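First the structure, in the form of structure tokens, and then the observations on it.
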Amino acid sequence: MRVMFGRYRTFLALLLISACCGGCRRDLPETNTPDEGGAGASGNSSGSATSGIATAADAFVNPPWLFERAPADSTKVDWDAELRLSLRGNPNTLNPVLMSSAVEERLKELLFDYPFIFDAKFRWSINPAMTESFVESGDHRSATLVMKNGLTWHDGAPLTAHDVVFSWEQIMDEDVPARSARGGTDQIAKCTAVDNQTVRFDFAEPYATNKWGALFAIIPRHIYEVGKTDDPTLARSKYHVTHNRSPIGNGPYRFVSWESDDRIVLERWKDYPGRKPFFAKITLRIIPIAQARLLAFERGEIDEAELSPEQFANGSDTTSFRKAGVKGLGSHWRFNYIGLSGDGSNPFFADRNVRRAVSHAVNYDRIVSQVFHGLARRARGIFHPDSPMYHDGIDLFSFDLKLAGKLLDKAGWAIDSDDGWRYKTVEVGGEKVRTRLTFTVNLAQPSTTSPLVAAIVAEDLKKIGVEMKSRVLEWATFLEHLRNREFEAFMSAWNPPVDPDYGWNVWHSTAYESQRNYVGYADKRVDDLFAKGRKCFDHDERMGYYAELSKIIYDDAPYVFLVNSPILWAFDHRLRGVEFSPRGPFMFEPGIRNWWMPVSAR
Amino acid sequence: MTARGLEHMEIGAGRTWRRFRRRRGGLVGLGVVVILLLTAFFAPLIAGNVPIVCRYQGRWSAPAIVETFRRVPVVGQWISPSKPFGLPSVDAKSHLSQEDVVFWPLIPFGPTETSSDSLRPPSSVHWFGTDRIGRDLASRMVHGTTVSMTVGFVAMGIATLIGLSIGGWAGYAGGWVDALFSRLIEVVTCFPVLFLILSVTVWLEPSIVNVMVIIGLTRWTSIARFTRGEFLRLREQEFVLAARASGAGPFRIAVRHLLPNAIAPALVTITFGVAQAILLEAALSWLGFGVQQPNPSWGNILRSAYVQLRWSPHMVYPPCAAIFLAVLAYNLVGDALRDAIDPRTETRTV
């Protein structure tokens, strides 16, 4: 026996070492995902931001000082402080016209300024640092923007109306891959520079959303015009790649360096025309893995980190975390859902009764309590209950397996007494085929919550004779399946739009072919209400249209509306001035620009 | 000749077994493998929320036993589930009362059965504790064994079939056939299996069947190399010449005379291959591309556990231990088998 263990000693030692290393590794798997809690931003401070969410009475959650604005006495602000942020991945580009991901948006708000802004409540306004005035014509078909005099880019070149017009032309240029920036901006039919400071916008239609369309990214003409002839895409030539990696902006911070997979460094732009930026330097650490971000936060290497629900509930309850900082909890308007393809490509979900049956077969309370640790709240349709578009009369689907079974019976899906599954004879290619009610739900690979949600739903569906399988796909492949409409069901999440009209490209019947109406939802009443909302300039009346269509959509159940996942964040003890919008702590004005550190915390 | 060839093989097998028995590590490994195989086959009788035997409304039934045999490939599809508790939509626990006679499995929880008992530590009720959505880890481990063993054996079954065919053909034919197959072996050896499987899952549904097929289609090269070497060595032996002289065709010579004598070295490779296949499946499921939730496998249990590592470490130990044990057991068996087959180790006592 001794000899035997002698012979296998090396092997055993290697296995044990590898097992131990597995347990000790810092680069744990990614937990934050497109459909997981955390990535948005919203609300304001502790009070209303957490309404409806179960919170522990914990001094480490939303302490009042975290939301303190910078004092009037500037000597109390640490102007030499460095802010260390975390990024979930490498940006593809730092050219705001080409940006399309949340990671890139984080850089955009630091490097670039625009004539218009929106605040934590998604209220549109002009940017006082850049804009003198913005006047819409009485018929809402045109508007005139007058920019401030003396504006410059980070390199000292003047920023004029010609830069605005050039940027609009690039966004609308089909050769430029600016799909994300084009949404809304395409409402502008013509953009012209009246003089160096004045821009005239001519809109295609007199829509209430036109002012949002004018909120587009601006890039320096003197930089990008040079390489446009050689590379019309602004993305491929060496010249453009270099400039897209080291951008010339006009925001409060200027670009210093970018080490791929490691960090991006920015510094305060001394000539910024707005309020002096609070930090001398901002370092954005690229840490793709959620557990690694948490560990980096605990080690004091970063000043903020997005948390997953389990990290917020359990992982942050440690001495090292409490030594490093506190937790921020806010109400997120994003909703997680299961999309059911009702475009007729499968024999199940074109039938409203089947979709409603699935919605009745989901144990929402269990999902909230077990998967989201009680931190989320049940989703009530496409709009959050705190939003002005919410419809009070929405009657939530109850978790009722008997009712779900009856709806399936009504739809013709009957239980086979031989095997317990539901079948129906459906017509496929002109032939009648006895089909079993079994479908696959696509899940995006990095998510840790969606497999658990899928497991809970599958177990309950099984009880009514429906089989739901799940299929994990890498994120890019997941998206490709959505765009090609190659799925039966999928699990994902939508971030809240700044204007409800953006729901057009998800719910309008015309958005099926080329936009994001992946499930093929089509309802004439909803189409009409979207059209009315777009043309209505009375705020309350307009919100009424969206509320009405949200109720129709909820009742039709093209999605199983699961939860509104919360904003879960970790903040360093020294940070002040944090604010939440319905999307999280970033991507609104002033947002991160209001963060500061007191001298006393140095 | 055929009879004598087989007789030689039987004598060889007997000798190999006698020498194998002298290697205690191999015996321990074989014992573990047998236990794992029995666990895999009888999983519904060990863990599940379906009774092994019960009397309900005056009728006796054995739903878990029926379910065990329904899982047997090919044969299973002809067996109907036991009614009512073998049906997916019938919850036995809510139907059966204390007045009914029921024999539950040792672990009376289904592998996908959720409950409100989240993240419970090990206890007398839940031996290995529960996961985040209240599923019993012990039950999932038992049913995960079926996945691991099935992947190991089916994948290596496919690999063996391909490896023996190509290796045997190359070795027996020689010449350009040998050169061609040898290059093919070299090419396939270079395939990074894990990445190949990840690529394939883009087009094919990530299922256990696809995983087994891909592993099988890529792990045959070492079997082919050993078989080719043995065929090259044996094809000029007298018994082969005698068979050829007596009019036996190439196929008959290869299958009836050469293969029985050449299979021993390949067996060792196959044994190690099963361990590698188990590891591969665990790695794939850990990444989320192998066995899909809610179905259990050691890999996806480990993945769930890994996310909770800091605050619920109890979930990590069972899948780690099971993977470790299974891989170690197959390696011990393979090592002992290699020693038993190799005549140069005749004098060794351990």
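The values are calculated or read from the model by the stated rules, or taken from the named source; none is laboratory data. Note that this is a predicted model, so its numbers are computed, not measured. Cβ sites come from the backbone with ideal geometry, for glycine too, and all protein chains shown count toward neighbours.
Here B:Leu184 passes the criteria (1) farther than 28 Å from B:Gly288 by Cα; (2) at pLDDT below 90 except the one numbered (2). The listed residues are A:Gly339, A:Gly325, and the only one of them that is touching a His at 6+ places or on another chain (Cβ under 7 Å), in contact (Cβ under 8 Å) with a residue 60 or more places away in the chain and not acidic (Asp, Glu) turns out to be A:Gly325. Reported count of residues in region A:310-348, each being crowded, with 22+ Cβ neighbours inside 10 Å and part of a helix (DSSP H, G or I), is 5. Looking at B:Phe103 and the list (1) aromatic (Phe, Trp, Tyr); (2) more than 13 Å from chain A (Cβ to nearest Cβ); (3) more than 24 Å from B:Leu37 (Cα to Cα), which single condition is not satisfied? Condition not satisfied by B:Phe103: (3). Among the residues of region A:129-144, are any more than 13 Å from A:Lys211 (Cα to Cα), hydrophobic (A, V, I, L, M, F, W, C) and crowded, with 22+ Cβ neighbours inside 10 Å? Scanning region A:129-144, I find no residue that is more than 13 Å from A:Lys211 (Cα to Cα), hydrophobic (A, V, I, L, M, F, W, C) and crowded, with 22+ Cβ neighbours inside 10 Å, so the answer is no. Scanning region B:179-220 for residues that are more than 24 Å from A:Ala476 (Cα to Cα) and outside any helix (DSSP H, G or I), we see that the one that is farthest from the chain's Cα centre (by Cα) is B:Cys190. Collect the residues in region B:276-296 that are within 14 Å of chain A (Cβ to nearest Cβ), crowded, with 24+ Cβ neighbours inside 10 Å and within 29 Å of B:Asp335 (Cα to Cα), keeping them in residue-number order. Within region B:276-296, B:Ile278, B:Ala282, B:Leu284, B:Ser285, B:Gly290 meet the criteria. When B:Ile185 is tested against (1) buried (at least 24 other Cβ atoms within 10 Å of the Cβ); (2) touching a Ser or Thr at 6+ places or on another chain (Cβ under 7 Å), only condition (1) is not met.
If the condition is being over 19 Å from the mean Cα position of the chain (by Cα), away from chain A (no Cβ under 14 Å) and buried (at least 16 other Cβ atoms within 10 Å of the Cβ), then region B:17-44 contributes only B:Arg19. Selection of first residues in region A:251-274 that are at positive phi and of second residues that are assigned to a strand (DSSP E or B), restricted to Cβ pairs under 9 Å at least 6 apart or on distinct chains, gives the following pairs, ordered by first then second residue: A:Asp261/A:Ile286. For region A:419-465, the candidate set comprises residues that are touching a Ser or Thr at 6+ places or on another chain (Cβ under 6 Å) and without any contact (Cβ under 8 Å) to a residue 12 or more places away in the chain; within that set, the residue that is farthest from the other protein chains (Cβ to nearest Cβ) is A:Lys432.
Hey, among B:Ile323, B:Ile301, which residue is within 10 Å of another protein chain (Cβ to nearest Cβ) and either in a helix (DSSP H, G or I) or of a type in the set (S, T, N, Q) (or both)? None of the other options fit; the residue is B:Ile323. Residues in region A:296-303 include none that are more than 14 Å from chain B (Cβ to nearest Cβ), exposed (fewer than 15 other Cβ atoms within 10 Å of the Cβ) and under 24 Å from the mean Cα position of the chain (by Cα). One residue stands out in region A:476-519 among those that are part of a loop (DSSP other than H, G, I, E, B) and touching a Pro at 6+ places or on another chain (Cβ under 8 Å): the one that is farthest from A:Arg123 (Cα to Cα), namely A:Val519. The requirement of being within 14 Å of another protein chain (Cβ to nearest Cβ) and under 15 Å from the mean Cα position of the chain (by Cα) is satisfied by B:Asn331.
From the list B:Ser246, B:Ser199, which residue is more than 14 Å from chain A (Cβ to nearest Cβ) and polar (S, T, N, Q)? Give the derivation first.
On the way: B:Ser199 fails: more than 14 Å from chain A (Cβ to nearest Cβ).
Sole residue among the options that is more than 14 Å from chain A (Cβ to nearest Cβ) and polar (S, T, N, Q): B:Ser246.
Identify all residues within region B:84-131 that are aromatic (Phe, Trp, Tyr) and over 19 Å from B:Ser312 (Cβ atoms); write none if there are none. Outline the logic, then answer.
Residues of region B:84-131 that are aromatic (Phe, Trp, Tyr), as a first pass: B:85, B:103-104, B:109, B:127-128.
Within region B:84-131, B:Phe85, B:Phe103, B:Trp104 meet the criteria.
Total residues in region B:62-93 satisfying the condition of being without any contact (Cβ under 8 Å) to a residue 40 or more places away in the chain, within 14 Å of chain A (Cβ to nearest Cβ) and either part of a helix (DSSP H, G or I) or surrounded by 13 or more Cβ atoms within 10 Å (Cβ to Cβ) (or both): the figure is 18. The residues listed here are B:Leu328, B:Leu332, B:Leu309; of these, the one that is assigned to a loop (DSSP other than H, G, I, E, B) and more than 14 Å from B:Val151 (Cβ to Cβ) is B:Leu309. Note on region A:370-411: among residues that are free of Cβ contacts under 8 Å to residues at least 40 places away in the same chain and touching a strand residue (DSSP E or B) at 6+ places or on another chain (Cβ under 9 Å), the one that is nearest to the other protein chains (Cβ to nearest Cβ) is A:Asp409. If we scan region A:200-213, do we find a residue that is closer than 21 Å to A:Leu111 by Cβ and either surrounded by fewer than 22 Cβ atoms within 10 Å (Cβ to Cβ) or in contact with a strand residue (DSSP E or B) (Cβ under 8 Å, 6 or more places away or on another chain) (or both)? No; the residues of region A:200-213 include none that is closer than 21 Å to A:Leu111 by Cβ and either surrounded by fewer than 22 Cβ atoms within 10 Å (Cβ to Cβ) or in contact with a strand residue (DSSP E or B) (Cβ under 8 Å, 6 or more places away or on another chain) (or both).
Return a yes/no flag: does region A:349-356 have any residue that is in a helix (DSSP H, G or I) and modelled with pLDDT under 95. Within region A:349-356, none of the residues are in a helix (DSSP H, G or I) and modelled with pLDDT under 95.
Taking region A:486-532 on its own, how many of its residues are of a type in the set (Ser, Thr, Tyr), without any contact (Cβ under 8 Å) to a residue 60 or more places away in the chain and touching an Asp or Glu at 6+ places or on another chain (Cβ under 8 Å)?
First, the residues of region A:486-532 that are of a type in the set (Ser, Thr, Tyr): A:492, A:502, A:509-510, A:512, A:514, A:518, A:521.
After this cut, where a residue has to be without any contact (Cβ under 8 Å) to a residue 60 or more places away in the chain as well, the list is A:509-510, A:514.
Going one step further and asking which of them are touching an Asp or Glu at 6+ places or on another chain (Cβ under 8 Å), we end up with A:509-510.
Qualifying residue count, region A:486-532: 2.
Checking each residue in region A:469-495 for being crowded, with 21+ Cβ neighbours inside 10 Å and either at the interface with chain B (Cβ under 9 Å from one of its Cβ atoms) or of a type in the set (D, E, K, R) (or both) picks out A:Ser470, A:Arg471, A:Val472, A:Leu473. The set of residues from region A:114-142 being modelled with pLDDT under 95 and of a type in the set (Asp, Glu) comprises A:Asp119, A:Glu136, A:Asp139.
The rows are residues; the columns are (1) in contact with a Phe, Trp or Tyr (Cβ under 8 Å, 6 or more places away or on another chain); (2) at pLDDT 95 or above; (3) not polar (S, T, N, Q).
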site: A:Thr152; (1), (2), (3): no, yes, no
site: A:Gly156; (1), (2), (3): no, yes, yes
site: A:Leu159; (1), (2), (3): yes, yes, yes
site: A:Val164; (1), (2), (3): no, yes, yes
site: A:Thr185; (1), (2), (3): yes, no, no
site: A:Gly213; (1), (2), (3): yes, no, yes
site: A:Ala217; (1), (2), (3): yes, no, yes
site: A:Gly227; (1), (2), (3): yes, no, yes
site: A:Ser257; (1), (2), (3): no, yes, no
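Restricting attention to region B:267-275, does a residue exist that is under 26 Å from the mean Cα position of the chain (by Cα), surrounded by 18 or more Cβ atoms within 10 Å (Cβ to Cβ), within 14 Å of another protein chain (Cβ to nearest Cβ) and under 23 Å from B:Leu161 (Cα atoms)? Within region B:267-275, one or more residues are under 26 Å from the mean Cα position of the chain (by Cα), surrounded by 18 or more Cβ atoms within 10 Å (Cβ to Cβ), within 14 Å of another protein chain (Cβ to nearest Cβ) and under 23 Å from B:Leu161 (Cα atoms). Only a single item in (1) polar (S, T, N, Q); (2) out of contact with any Lys or Arg (no Cβ under 7 Å at 6 or more places or on another chain); (3) closer than 24 Å to A:Met597 by Cα is not met by A:Thr242, and it is number (3).
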